[in-house]
Amino acid sequence: MSATEVLRTPHPLDFDPYKVGHGEGGGHDYVTGHGEGGPASKRVIVGYGFWLFLLSDIILFSCLFASHAVLQTATAGGPTGPQLFDPMSVALETACLLISSFLCGLSAVAAGVRNQLWTQVFLFFTGIFGLAFLLLEVRDFTSLVARGASPQVSAFWSSFFAVVGCHGCHVTVGLLWLGTMMAQVYFKGFRPNVMRRLVCFNLFWHMLDLIWVALFTIVYLIGEGR
Amino acid sequence: MTDERHMDEEGNVGDVGPGFMNATPESIRESVQGYLIGFVLAALLTVASFYVLRTGLIWAPGIVVMLAVLAVAQIGVHLVFFMHLTTAPDNTNNVLALVFGIIVVVLIIGGSIWIMGHLNERVMPMYPSM
């Protein structure tokens, strides 16, 4: 078989859902949103828009990370991070958030096959592990403040509470969103708009875990590594 | 491959955005497998970055670089296995947006550390007692 024959072999998805593209030799005419494939579907546009929001959120976090990295040694004679951090607690929080993210992915699989029970079960445990993370973090904060490391002590602790607290706020908002998503899936079922919201929620929740990876590396581990 | 076509209830066919599975229909087993692989890889990388600090295997000044590498690797695992950011044609816009985001993030973090580090060196040390 020659190369051109290989190219002309019809792909299983090689057809035109929007009756716009008449792609001859234009490459992937089964793909929408690229001119000849016709306009992108709402799903793709919603996902793209939410992805842009997540990226802007990541840029916001990067500003906080940058200020924290710059203020790494600005402890003003007060306690330093590695003196007070509890690595065990950080490891537990990391585990909670990773498991939560994994379960959230499984809920997306269950929602993909329209299984109400398993979607709810996985979303519920996603929330449980998210809540466990949040409680551990609150416990960390109270113990830090009790040991004399409140935000007004030094620039280092101000930036620490800003960056970790901002992530904690995101998790809190994510948990509220999770609750409303569970209610929507239960009462409205797997309608297209509910499915799109679920996709957005999934992206948001995975993004929180992604930020946490950068956070525990920059805030907890690199500080200790120095 | 079968002639089966993936179509959602809106009649969209073959669309893959971030957070979606492949355009081709995927079995439950396959998609769970994808998440499992991502989970195991992420867990291993997390354990590795916590372990790097506790072990004397890494040359001390290299620890920070090692941690950064492990974090970037784990972020990559999250993007691919959890957020399904692929090289599929419908993901081109998302990947381009990500590239732009990475440029901005690198400029902000790298630039801040670079400039503020130099400023720190040039300013006289100040202590609260002074």
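What's the FRET efficiency of residue A:186 with residue A:52 using the Cβ-Cβ distance as r and R₀ = 30 Å, to the nearest 0.05?
Values: r = 30 Å, r/R0 = 0.99.
The value I calculate is 0.50.
If you average the sequence gap of Cα pairs under 8 Å that are 6 or more apart and divide by the length of region A:42-225, what percent do you get for the contact order? It would help to have the intermediate numbers written out before the result.
Working: 172 pairs, mean separation 66.3, N = 184.
Reported relative contact order: 36 percent.
Can you sort B:109, B:28, B:115 by how many other beta carbons sit within 10 Å, fewest first? Display every interim value, and only then the final one.
Details: B:109 20, B:28 14, B:115 11.
Listing B:109, B:28, B:115 from fewest to most nearby Cβ atoms yields B:115, B:28, B:109.
Quick one: check the C-alpha center-to-center distance for region A:93-168 versus region B:29-85, whole angstrom.
Each part's Cα centre sits 18 Å from the other's.
Along the Cα-to-C-beta direction of residue A:131, a point sits 7 Å from the Cα; which residues of region A:66-107 have their amide N less than 14 Å from that point?
none
Once you have the Cα-Cα distance between residue B:102 and residue B:58, take 0.36 nm times their residue separation minus that, and quote the gain in nm to one decimal.
On the way: separation 44, 0.36 × 44 = 15.84 nm, distance 2.79 nm.
So the extension gain works out to 13.1 nm.
Within a 10 angstrom radius of each residue's Cβ in B:88-101, how many Cβ atoms of other chains show up on average? Whole number is fine. Each step should come with its number before you reach the end.
Working: counts 2, 8, 13, 5, 3, 9, 6, 1, 0, 6, 4, 0, 3, 9.
Mean number of neighbouring Cβ atoms from other chains: 5.
Which of the peptides A:69-75, A:190-196, A:107-113 is most tightly packed, and how do the rest follow, judged by the mean count of other Cβ atoms within 10 Å per residue?
Working: A:69-75: 17.4, A:190-196: 15.7, A:107-113: 21.9.
Put in order of decreasing packing, that is A:107-113, A:69-75, A:190-196.
In region A:42-225, with Lys and Arg counted as +1 and Asp and Glu as -1 at Cβ, which of these residues, A:223, A:100, A:53, has the Cα nearest the positive end of the dipole, that is, farthest along it?
Highest projection toward the positive end goes to A:53.
Report the charge-dipole magnitude of region A:42-225 in Debye, nearest 20, computed about the Cα centre from +1 at each Lys and Arg Cβ and -1 at each Asp and Glu Cβ.
Working: 9 positive and 7 negative charges, 192 e Å.
Charge dipole, region A:42-225, about its Cα centre: 920 debye, nearest 20.
Within a 10 angstrom radius of each residue's Cβ in A:112-125, how many Cβ atoms of other chains show up on average? Whole number is fine.
Working: counts 7, 3, 1, 1, 0, 0, 1, 0, 0, 0, 0, 0, 0, 0.
Going residue by residue through A:112-125 and averaging, the value is 1.
Please give the net charge around residue A:141, taking every other residue with its beta carbon less than 14 angstrom from that of residue A:141, where Lys and Arg add +1 and Asp and Glu add -1. Each step should come with its number before you reach the end.
Values: positive: A:139, A:147; negative: A:86, A:93, A:137, A:140.
It works out to a net charge of -2.
Once the piece of chain linking residue A:59 and residue A:176 is laid out straight, how much longer is it, given 0.36 nm per residue of separation minus the C-alpha distance between them?
Details: separation 117, 0.36 × 117 = 42.12 nm, distance 2.31 nm.
Additional length available on full extension: 39.8 nm.
Along the Cα→Cβ direction, 7 angstrom out, place labels at residue B:92 and residue A:121. What is the inter-label distance in nm?
Each label point lies 7 Å from its Cα, and together they span 4.2 nm.
What average number of partner chain Cβ atoms lie no more than 10 Å from the Cβ of the residues making up A:64-75?
Values: counts 1, 5, 9, 4, 2, 6, 8, 1, 2, 1, 1, 0.
Whole-number average of other-chain Cβ neighbours for A:64-75 is 3.
No lab work stands behind these numbers, since they all come straight from the coordinates. In this text the structure is predicted, and so the values were computed from the model without any measurement. With ideal geometry, Cβ positions are generated from the backbone for all residues, glycine too; neighbour counts draw on all protein chains shown.
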